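The values are calculated or read from the model by the stated rules, or taken from the named source; none is laboratory data. Computed from a predicted structure; not experimentally measured. Glycine gets a Cβ as well: all are built from the backbone with ideal geometry, and neighbour counts include every protein chain shown. Surface areas here come from the heavy atoms of the whole protein model, side chains and all, with no ligands, DNA or RNA. Shrake-Rupley method; radii C 1.70, N 1.55, O 1.52, S 1.80 Å.
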Amino acid sequence: MSKLKIAIQKKGRLSENSHRLLEECGIKFSNGTDVLKTSAVNFPVEILFLRDDDIPQYVEQQVADIGILGENMVFEKNKDVTVLEQLGFAHCRLSLAIPKESTFTGPGYFMNKKIATSYPRLLSEYLKENNITAEIEEISGSVEIAPGIGLADAVCDIVSSGSTLMTNGLCEVSSILKSQAVIISNKNLDNNKQGILDKLLFRIRAVKNAKENKYILLNAPLEALHEICRILPGVKSPTILPLEEKGWCSIHSVVKEDEFWDRINQLKNAGAEGILVIPIEKMIL
Ligand code: PRP
Ligand code: ZN
């Protein structure tokens, strides 16, 4: 039986998190710094370490069956692949930036200017939509130094923390696209590979759900029970256990990470005490 071939980024913004995601799915593999390929010891997959820029093409050609990479690359390369799932890491945006001493006047600023980018397709779409004629200077790396060395007037590149722009004296003026890591697949997987992929996706979703939720325990007076269960609906409904002290109970539930701080305040106001919040390792819905 052949193994499912997974392409991940060899070195860069996504590589550490991609590696960690597979490990959290219980997949064990070794990753020497100069190997291009390795097999998992406990799951029928092979990992290929590639440049993220090449992953869409390799997945289309089935050099790899699936790949983990940023949506930015998927959209730029526009290959015939299926996007299966957003993975919730490597959030960034594709933005236009100009030297910080210039005054931005809106999209018209770029009229007849020269813009350096590794994203010629997405940039030309943006320019077309805004009826701007500009020259696109395609370069594959270190785009941000282009204005400083007189190669271009502006850049169109990935911004995550913004520190690369800042160190190069550039100011972000317009955002073209938001991006995060996704998993993509070839469109013609055979049944064996599709079966392995389904198992992997099941694990990835369990890991993702776990990250997006927290387990919460608290003590509450019985008269607050109804209100607290309303604030904490849980997966099905909260677990309620009696406390030794009369008139009190312990409530266990699950709360979404992004709603967490709001809920904590509401719970305290409703009379909750001794609130404990615990990370969840895997969550199967
Ligand atoms: C991008 C971009 C910048 C950096 C910005 O590189 O080219 O170098 O991230 O991040 P910051 O805002 O946190 O400083 P990326 O890893 O996407 O590109 P690559 O795969 O071409 O190296
Ligand atoms: Zn890259």
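Couple of notes before you dig in:
- Listed residue pairs exceeding 19 Å between alpha carbons, taken from Lys211/Lys282; Lys11/Lys193; Lys5/Lys28: Lys11/Lys193
- Relative to the longest principal axis of the Cα atoms of the chain, the long axis of helix 191-212 lies at roughly 70 degrees.
- Using a Gaussian network model of the chain in which every pair of alpha carbons under 10 angstrom is joined by a spring, one finds that among Asp80, Asp52, Asp65 the greatest mean-square fluctuation is at Asp80.
- Of all DSSP beta bridges in the chain, antiparallel share, percent nearest 5: 75
- Loop-located GluC sites (Glu not before Pro) in the range 201-285 (DSSP state not H, G, I, E or B) with no more than 13 neighbouring Cβ atoms inside 10 Å: Glu244, Glu245, Glu281.
- Three-way shape call for the range 13-84 based on the alpha-carbon gyration tensor, with the a/c threshold at 1.5: prolate
- Among the trypsin sites (Lys or Arg not before Pro) in the range 189-270, those placed in a DSSP loop whose Cβ has at most 14 other Cβ atoms within 10 Å are Lys236, Lys246.
- Contact order normalised by residue count of the chain, Cα under 8 Å, 6+ apart, percent: 19
- What the phi angles of the range 276-282 give under the Karplus curve with 6.51, -1.76 and 1.60, with θ = phi - 60°, is a coupling list of 10, 10, 10, x, 9, 8, 9 Hz, glycine and proline written as x.
- Simple spin-label estimate for Gln57 and Asp34 gives 2.5 nm between the two label positions (7 Å along the Cα-to-Cβ direction from each Cα).
- Rounded to whole Å, sorted largest first: equivalent-ellipsoid semi-axes of the range 196-275, Cα gyration tensor: 30, 13, 9
- Sites Lys128 and Gln180, calculated FRET efficiency, Cβ-Cβ separation with R0 25 Å, nearest 0.05: 0.50
- Largest to smallest accessible area among Met1, Met283, Met166, Met111 [probe 1.4 Å]: Met1, Met166, Met111, Met283
- Cleavage-rule hits (GluC sites (Glu not before Pro)) in the range 1-55: DSSP loop, at most 12 neighbouring Cβ within 10 angstrom: none
- Percentage relative contact order, the range 217-285, counting C-alpha pairs under 8 Å, at least six apart: 44
- His91 sits with roughly 110 Å² accessible to a 1.4 Å probe, with DNA, RNA and ligands left out of the calculation.
- Sites Ile139 and Ile284, calculated FRET efficiency, Cβ-Cβ separation with R0 45 Å, nearest 0.05: 0.50
- Dividing the convex hull volume of the alpha-carbon atoms in the range 92-179 by its residue count gives 83 Å³ per residue.
- The chain - mean residue ellipticity at 222 nm from DSSP helices (-39,500 (n - 2.57) per run, n ≥ 4, rounded to 500): -8000 deg cm²/dmol
- Per-residue HN-Hα couplings for the range 142-150 [Karplus 6.51, -1.76, 1.60; θ = phi - 60°; Hz; x = Gly/Pro]: 6, 4, 5, 7, 3, x, x, 9, x
- Formal net charge of residues neighbouring Asp34 (Cβ-Cβ distance under 12 Å; K, R +1; D, E -1): +3
- Cα gyration tensor shape for the chain, rounded if a/c is under 1.5, else prolate or oblate: oblate
- Relative contact order %, the range 62-145, counting alpha carbon pairs below 8 Å whose residues are six or more apart: 27
- Extension gain, Lys268 back to His226 (0.36 nm per residue minus Cα-Cα distance, nm): 13.7 nm
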